[in-house]
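Scroll down for the structure; my scribbles are underneath it.
The values are calculated or read from the model by the stated rules, or taken from the named source; none is laboratory data. Since we're looking at a predicted model, the values are computed, not measured. Because the Cβ atoms are built from the backbone with ideal geometry, glycine has one as well, and the counts that use them run over all protein chains shown.
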Amino acid sequence: MPVRAEHDRVALAGLLSRDPELNAYQLGDLDDFFWPYTSWYRRGDAVALLYHGARPPTLLALARPAGAVELAALLGELAPVLPARLDAHLSPGLAVALGDTFRVTSNGPHHRMALTDPSRLTTVAPGGVLLDRADLPGLHELYAAAYPGNWFDPRMVDTGRYVGIRDGGQLVAVAGVHVFSPTYRVAALGNVTTHPRWRGRGLAAAAVARLCGLLAADIDHVTLNVKADNTAAVRLYERLGFTRVADFVEVGLVATGR
């Protein structure tokens with residue numbers, strides 16, 4: 001079956017919104033803010049997204065067990081036309097569908113978590129102020145010290161959903177978003193970190209609580225990704241009312257034989 005590119009946002013939204021917590025990133029990428037950086041592929045009800053706004057590009061292919069066979073078939077058809085090097089977020093077992101075309105390097109299992117008990121946020125005093133473009137130098141400095149190699153798109157500060165905590169004039173903790181879409185009422189938290197010298201004081205929890213409070217008016221589904229072996233982060237998010245709703249693997253893909 002030939003690969004079918006899908007350009008109908010309404011059709012994609014209809015498919016993805018059946019499981020908004022699993023598909024929060026893809027739903028957010030339907031917004032005008034991200035849409036120009038996306039390519040979409042479909043086979044029946046299975047959908048795969050190739051996001052070009054990162055380097056290397058990132059493939060998102062997620063499904064519940066009932067849809068895994070159809071999505072694996074889509075990935076097998078798509079593999080020959082994908083870039084020669086990319087990252088991917090794949091539901092468990094789907095990497096096999098790309099194994100004949102790519103060398104697959106795993107970055108380990110990850111959890112998708114969703115805010116299912118917002119009442120727990122009230123146990124944490126929210127903190128932080130909204131950041132804007134003027135704060136980018138401080139953000140870059142903080143990420144270099146606390147979270148090197150993270151995926152940070154400076155455009156996300158323009159959403160007005162980036163919260164920072166300062167000590168004196170120094171930015172020492174931050175909680176931001178990877179996706180923020182009032183249109184599809186989904187958000188994905190991202191790039192949450194605290195400077196190593198200020199850890200252990202509850203600053204990340206305070207920033208996340210403030211951010212979730214800001215999101216509440218526009219968003220029905222607040223999600224995030226966290227590495228499965230990052231037990232400290234998982235426990236923090238559980239304390240704030242997040243629960244694990246899906247698992248996936250993050251992998252690097254390099255084409256063989258091209």
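Within this structure, residue 80 passes the test of being surrounded by fewer than 18 Cβ atoms within 10 Å (Cβ to Cβ), more than 17 Å from residue 193 (Cα to Cα) and either within 19 Å of the chain's Cα centre (by Cα) or at pLDDT below 95 (or both). Residue 105 passes every criterion in (1) under 19 Å from the mean Cα position of the chain (by Cα); (2) in a strand (DSSP E or B) apart from (1).
Listed by position, the helices (runs of 4 or more DSSP H) inside region 1-85 whose residues that are without any contact (Cβ under 8 Å) to a residue 40 or more places away in the chain and touching a His at 6+ places or on another chain (Cβ under 6 Å) number at least 2 form an empty set. Going by what's in this entry, would residue 194 be described as modelled with pLDDT under 95 and surrounded by 15 or more Cβ atoms within 10 Å (Cβ to Cβ)? No; evaluated as a whole, the condition is false for this residue.
On the given criteria, is residue 150 touching a residue at least 12 places away in the same chain (Cβ under 8 Å) and part of a strand (DSSP E or B)? So residue 150 does not fit the description; no. In the set 85, 133, only one residue is surrounded by fewer than 18 Cβ atoms within 10 Å (Cβ to Cβ), in the same structural domain as residue 202 (by TED's automatic domain parsing) and closer than 30 Å to residue 50 by Cβ; that residue is 133.
Need at least 2 residues that are under 27 Å from residue 93 (Cβ atoms) per element, so show me which strands (runs of 3 or more DSSP E) inside region 154-258 make the cut, counting only ones lying wholly within it. Even if it seems obvious, please write down each step before you answer.
Details: elements: 163-167, 170-181, 186-194, 221-227, 242-255.
The strands (runs of 3 or more DSSP E) meeting that bar are 170-181, 186-194, 221-227, 242-255.
From the list 216, 207, the one residue that fits, being crowded, with 22+ Cβ neighbours inside 10 Å and of a type outside the set (Phe, Trp, Tyr), is 207.
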